[in-house]
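K.L.:
Mind looking over this structure? Questions follow.
The values are calculated or read from the model by the stated rules, or taken from the named source; none is laboratory data. Just so you know, these numbers come straight off a predicted model, no measurement behind them. Glycine also receives a Cβ, built like all others from the backbone with ideal geometry; neighbour counts cover every protein chain displayed. With ligands, DNA and RNA removed, areas are computed over all heavy atoms of the protein, side chains included. Shrake-Rupley method; radii C 1.70, N 1.55, O 1.52, S 1.80 Å.
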Amino acid sequence: MKRNPNLNWRKVDPGSLAARKAIVIGGTGGLGRAISQALAGRGVAVTVVGQTFRDKDVANIGFVQADLSLLKEAERVARELPAERSDLLLFTTGIFAAPKRQTTAEGIERDMAVSYLNRLVMLRDLAPRLGKRRGEDASRARAFVMGYPGTGQLGAPNDLNSEQTYTVMSAHMNTVAGNEALVVDAAHRYPDLDVFGLNPGLIKSSIRSNLMGADSLKHRIMEWLIGKLAPSADEYAARILPLLFSPDLDHRSGAFFDRKAQAILPSNGMTEAYAQRYIAASETLAARTGVRFTT
């Protein structure tokens, strides 16, 4: 990853955020949960979307249950979320591809569905509505897409569903490229919304359980090592929270940030034209499940 020398932001403590509202897709586990708790601790009213709710006793967090591996379910849930009165939208849900190709009930490679395509489907509904009923003096609404942008991954838009060839890394890199393309495309598609990409780097979480086997010995050893060498989810959440509300990000849509919340450049080759091509291929794949794109 290369630093972006043209974007710097002031690391000012945002203080109380009691008037703000956020939606965190995937906010029930891992980094999404840590960020949701950090937001709620500052007074933000957070709506989290996921399968299992673990924060019933945490103030300021509400829950919407959804199986985000199913694109029709993601489409349905997006329509029901309170986007109009929300300031902030974060996509954090994700897994890692399995050793052998897995597909969802809709016929989509599972990593592709969970880690990327549901975000594309939901953003199409949420982006035009985000923040539209907050008052005329409200700041610009923002969306953050978590992935691994800036790492040089361009994916294979002609084989997004890994039907021609399948390896763990090629399948997962399709989702990495997809999430970066989503930010680049959205920055031009939604001129009234600021959209950014986050690269948290290596963090101890459950994302690798699908690859190594949940609670297997090798998975436990791997996460123990990562826990020793990398920041925790809570440490990353504390570091990124000021960025989410920094006024220096206004009208800087399309920017990307690393695990230290420093601005980084997009991957070489991830141009607007390439991103549009990638998104078009993604729409074609998602349409197999019956979802419809109107914007």
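K.L.:
If a residue counts only when it is in contact (Cβ under 8 Å) with a residue 40 or more places away in the chain, which strands (runs of 3 or more DSSP E) contained entirely in the stretch 1-75 have at least 3 such residues?
P.N.:
Of the strands (runs of 3 or more DSSP E) lying wholly inside the stretch 1-75, those with at least 3 residues that are in contact (Cβ under 8 Å) with a residue 40 or more places away in the chain span 21-25.
K.L.:
Also, quick follow-up: Name the pairs whose Cβ atoms lie under 6 Å apart, with the first residue in the stretch 241-261 and under 18 Å from ASN179 (Cβ atoms) and open to solvent by 10 Å² or more (accessible area, probe 1.4 Å), the second assigned to a loop (DSSP other than H, G, I, E, B) and of a type in the set (Gly, Ala, Ser), and 6 or more positions between them or separate chains?
P.N.:
ARG259/GLY201
K.L.:
Ok, one more. How do the pairs read when you match residues in the stretch 186-205 that are at negative phi and modelled with pLDDT under 95 with residues anywhere that are in a loop (DSSP other than H, G, I, E, B) and polar (S, T, N, Q), using Cβ under 7 Å and keeping only pairs 6 or more apart or on different chains?
P.N.:
Qualifying pairs under 7 Å: LYS204/SER232.
K.L.:
Taking the condition of being in contact with a helix residue (DSSP H, G or I) (Cβ under 6 Å, 6 or more places away or on another chain) and open to solvent by 10 Å² or more (accessible area, probe 1.4 Å), how many residues in the stretch 104-120 meet it?
P.N.:
2
K.L.:
Could you count how many residues in the stretch 127-143 are surrounded by fewer than 23 Cβ atoms within 10 Å (Cβ to Cβ), among the hydrophobic types (A, V, I, L, M, F, W, C) and touching a residue at least 60 places away in the same chain (Cβ under 8 Å)?
P.N.:
Number of matching residues: 1.
K.L.:
Among ASP185, ASP159, ASP192, which is the only one that is acidic (Asp, Glu), in contact with a Ser or Thr (Cβ under 8 Å, 6 or more places away or on another chain) and farther than 18 Å from MET1 by Cα?
P.N.:
Result: ASP159 is the single residue among ASP185, ASP159, ASP192 that is acidic (Asp, Glu), in contact with a Ser or Thr (Cβ under 8 Å, 6 or more places away or on another chain) and farther than 18 Å from MET1 by Cα.
K.L.:
Starting from residues that are modelled with pLDDT under 95 and among the small types (Gly, Ala, Ser), keep the ones in the stretch 60-105 and report whichever is nearest to GLY26 (Cα to Cα).
P.N.:
Per the criteria, the residue is GLY94.
K.L.:
Name the pairs: first residue in the stretch 269-283 and among the charged types (D, E, K, R), second residue open to solvent by less than 30 Å² (accessible area, probe 1.4 Å), Cβ to Cβ under 8 Å, at least 6 apart or on different chains?
P.N.:
GLU272/VAL184; GLU272/ASP185; ARG277/PRO157; GLU283/LEU120
Condition check ((1) in a helix (DSSP H, G or I); (2) at negative phi; (3) at pLDDT 95 or above) across all residues:
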{"position": "ASP111", "(1), (2), (3)": "yes, yes, yes"}
{"position": "VAL114", "(1), (2), (3)": "yes, yes, yes"}
{"position": "ASN118", "(1), (2), (3)": "yes, yes, yes"}
{"position": "VAL145", "(1), (2), (3)": "no, yes, yes"}
{"position": "PRO149", "(1), (2), (3)": "no, yes, yes"}
{"position": "GLY155", "(1), (2), (3)": "no, no, yes"}
{"position": "MET173", "(1), (2), (3)": "yes, yes, yes"}
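K.L.:
Going through the stretch 285-295 one residue at a time, which ones are more than 20 Å from the chain's Cα centre (by Cα) and in a loop (DSSP other than H, G, I, E, B)?
P.N.:
Answer for the stretch 285-295, where residues must be more than 20 Å from the chain's Cα centre (by Cα) and in a loop (DSSP other than H, G, I, E, B): GLY290, ARG292, THR294.
K.L.:
Would you confirm, using the coordinates I've provided, whether ILE25 is modelled with pLDDT of 95 or more, of a type in the set (A, V, I, L, M, F, W, C) and over 17 Å from PRO200 (Cα atoms)?
P.N.:
The answer is no for ILE25.
K.L.:
Then there's this: Do we have ARG101 as in contact (Cβ under 8 Å) with a residue 60 or more places away in the chain, open to solvent by 50 Å² or more (accessible area, probe 1.4 Å), assigned to a loop (DSSP other than H, G, I, E, B) and touching a helix residue (DSSP H, G or I) at 6+ places or on another chain (Cβ under 8 Å) here?
P.N.:
yes
K.L.:
State the number of residues belonging to the stretch 262-284 that are part of a helix (DSSP H, G or I) and open to solvent by less than 10 Å² (accessible area, probe 1.4 Å).
P.N.:
Of the residues in that region, 4 qualify.
K.L.:
Might you check whether a residue that is at pLDDT 95 or above and either among the charged types (D, E, K, R) or under 18 Å from GLU283 (Cα atoms) (or both) occurs anywhere in the stretch 208-219? Even if it seems obvious, please write down each step before you answer.
P.N.:
Looking only at the stretch 208-219, we keep the residues that are at pLDDT 95 or above, and these are none.
No, because not a single residue in the stretch 208-219 is at pLDDT 95 or above and either among the charged types (D, E, K, R) or under 18 Å from GLU283 (Cα atoms) (or both).
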